[in-house]
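To start, the structure under review is shown below, and the notes come after it.
The values are calculated or read from the model by the stated rules, or taken from the named source; none is laboratory data. Only a predicted model underlies this, so the values are computations on that prediction, with no experimental measurement involved. Here the Cβ positions follow ideal geometry from the backbone for every residue, glycine too, while neighbour counts run over all protein chains shown. Quick note on the areas: whole protein, heavy atoms, side chains included, nothing else; ligands and nucleic acids left out. Shrake-Rupley method; radii C 1.70, N 1.55, O 1.52, S 1.80 Å.
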Amino acid sequence: MQIPSKKILISTLLIALFSTAMLPVLAQQQVPSVDDAKAPSLAFYQGKPFYEAIRKFQQEDSIRMPASKSILLIGSSSFTYWKDVATYFPGYRIVNRGFGGSSLPDLIRYQDYIIYPYDPKQILIYCGENDFAAADTVTVTTVVNRFKQLFWDIRVRLPRVPISYISMKPSPSRAALLPKFKEANQQIKAFLATQKGTTYIDVYQAMLQSDGRPIGEIFTSDSLHMNPKGYLIWQKQIRYHLKKTN
């Protein structure tokens, strides 16, 4: 057997030492950190539902970016139509990024544009009704799991920001779906009870008459959206859960 020369042994040892020294550098180059992750350009979603609504938010922000550490509202049209929400909560900074017709998958899709740029102090979510209204095949489990996905997405990025969920309301025009609303509300409430820094805000019960039917006079003519009387009920249920903004 031929014995390697001293020169070959030294060369082999130097290569091994160099390779070992370079491992951390190579690993750093090949595995980018989470902090380096960037959201895709909004144009990536062109043609997707609500793309124009999100683009409008960006245009508004380019003119005047809302103050950070505000209370952020995300969700569907019950927030969208609450255009004077700030007047209901004097002393609080409110940023409303609700877009009408949205469901939980839409909030998940656009979370990089409607949540994180605002560095919120607290997040209020109202969504779920439209998920059920989209198709009879949408189950309570499906909607609750969608909410949990949104919740955990936010928790990973904003681990210390309080999250509040406003229960699905008893919209008269969706009477056939109310049993699903109630069950999903209860499951989301139970889930949030296991998580720190969360609150469940029950507006469902507060919007019912003594006989258990929705209060008709607090809704607009479409029996889906609320008039100021309805928002006054929401104000009473929400205000005790808001975090003071500096």
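Could you list, ordered by first residue, the pairs with Cβ atoms under 8 Å in which the first is in the stretch 192-209 and closer than 15 Å to Arg239 by Cα and the second is charged (D, E, K, R) and open to solvent by less than 30 Å² (accessible area, probe 1.4 Å), at least 6 apart or interchain?
Val203/Lys169
Within the stretch 142-152, restricting attention to residues that are free of Cβ contacts under 8 Å to residues at least 40 places away in the same chain and more than 22 Å from Gly100 (Cβ to Cβ), which residue is most open to solvent (accessible area, probe 1.4 Å)? Full working, then the answer.
Initially, the stretch 142-152 is screened for residues free of Cβ contacts under 8 Å to residues at least 40 places away in the same chain, giving 142, 145, 152.
With the extra rule that they be more than 22 Å from Gly100 (Cβ to Cβ), the set shrinks to 145, 152.
Details: Asn145: 84, Trp152: 116 Å².
The selected residue is Trp152.
Report, ordered by the first and then the second residue, all pairs with beta carbons closer than 9 Å, sequence separation of six or more or different chains, a first member in the stretch 220-246 that is hydrophobic (A, V, I, L, M, F, W, C), and a second member that is in a loop (DSSP other than H, G, I, E, B) and surrounded by fewer than 14 Cβ atoms within 10 Å (Cβ to Cβ).
Met226/Thr220
Can you find a residue in the stretch 162-184 that is without any contact (Cβ under 8 Å) to a residue 24 or more places away in the chain, out of contact with any Pro (no Cβ under 7 Å at 6 or more places or on another chain) and either closer than 21 Å to Gly98 by Cα or not hydrophobic (A, V, I, L, M, F, W, C) (or both)?
So far as the stretch 162-184 goes, yes, one or more of its residues are without any contact (Cβ under 8 Å) to a residue 24 or more places away in the chain, out of contact with any Pro (no Cβ under 7 Å at 6 or more places or on another chain) and either closer than 21 Å to Gly98 by Cα or not hydrophobic (A, V, I, L, M, F, W, C) (or both).
Taking the condition of being within 17 Å of Ser164 (Cα to Cα), without any contact (Cβ under 8 Å) to a residue 60 or more places away in the chain and of a type outside the set (A, V, I, L, M), how many residues in the stretch 76-102 meet it?
5
Got at least one residue in the stretch 134-148 being over 19 Å from Val203 (Cα atoms), acidic (Asp, Glu) and more than 15 Å from the chain's Cα centre (by Cα)?
Step one: of the stretch 134-148, the residues over 19 Å from Val203 (Cα atoms) are 134-139, 141-142, 145-146, 148.
Imposing the further condition that a residue be acidic (Asp, Glu) reduces the set to 136.
Now drop any that are not more than 15 Å from the chain's Cα centre (by Cα), which leaves 136.
There is at least one residue in the stretch 134-148 that is over 19 Å from Val203 (Cα atoms), acidic (Asp, Glu) and more than 15 Å from the chain's Cα centre (by Cα).
Mind listing whichever residues of the stretch 182-199 are open to solvent by 60 Å² or more (accessible area, probe 1.4 Å) and either of a type outside the set (A, V, I, L, M, F, W, C) or under 16 Å from the mean Cα position of the chain (by Cα) (or both)?
Lys182, Glu183, Gln186, Gln187, Lys189, Thr194, Lys196
What pairs come up if the first residue lies in the stretch 44-69 and is within 24 Å of Val161 (Cα to Cα), the second is open to solvent by less than 90 Å² (accessible area, probe 1.4 Å) and hydroxyl-bearing (Ser, Thr, Tyr), and their beta carbons are under 8 Å apart, counting only those six or more places apart or on different chains?
Qualifying pairs under 8 Å: Ile54/Tyr45; Ile54/Tyr110; Ile54/Tyr113; Phe57/Tyr113; Gln58/Tyr113; Pro66/Tyr118; Ser68/Tyr118; Lys69/Thr245.
Out of (1) in contact with a strand residue (DSSP E or B) (Cβ under 6 Å, 6 or more places away or on another chain); (2) over 26 Å from Tyr92 (Cβ atoms); (3) assigned to a helix (DSSP H, G or I), the odd one out for Leu178 is which?
(1)
Just the residues that are surrounded by 19 or more Cβ atoms within 10 Å (Cβ to Cβ) and in contact with a strand residue (DSSP E or B) (Cβ under 8 Å, 6 or more places away or on another chain), please, taken from the stretch 200-213. Before you say what the answer is, go through the steps one by one.
Taking the stretch 200-213 first, the residues surrounded by 19 or more Cβ atoms within 10 Å (Cβ to Cβ) are 201, 203-204, 207.
Scanning the stretch 200-213 gives Ile201, Val203, Met207.
Find the residue count for the stretch 215-226, including only residues that are open to solvent by less than 30 Å² (accessible area, probe 1.4 Å) and more than 15 Å from Glu129 (Cα to Cα).
Total meeting the criteria: 2.
Consider Tyr51 carefully, then state whether it is aromatic (Phe, Trp, Tyr), out of contact with any helix residue (DSSP H, G or I) (no Cβ under 8 Å at 6 or more places or on another chain) and surrounded by 15 or more Cβ atoms within 10 Å (Cβ to Cβ).
Values: aromatic (Phe, Trp, Tyr): yes; out of contact with any helix residue (DSSP H, G or I) (no Cβ under 8 Å at 6 or more places or on another chain): no; surrounded by 15 or more Cβ atoms within 10 Å (Cβ to Cβ): yes.
Considered against the rule, which asks whether it is aromatic (Phe, Trp, Tyr), out of contact with any helix residue (DSSP H, G or I) (no Cβ under 8 Å at 6 or more places or on another chain) and surrounded by 15 or more Cβ atoms within 10 Å (Cβ to Cβ), Tyr51 comes out as no.
Residues to consider are Pro172, Pro179; find the one that is at pLDDT 95 or above, over 22 Å from Ile108 (Cα atoms) and open to solvent by 80 Å² or more (accessible area, probe 1.4 Å).
Values: Pro172 fails: open to solvent by 80 Å² or more (accessible area, probe 1.4 Å).
Within the list Pro172, Pro179, the selection yields Pro179.
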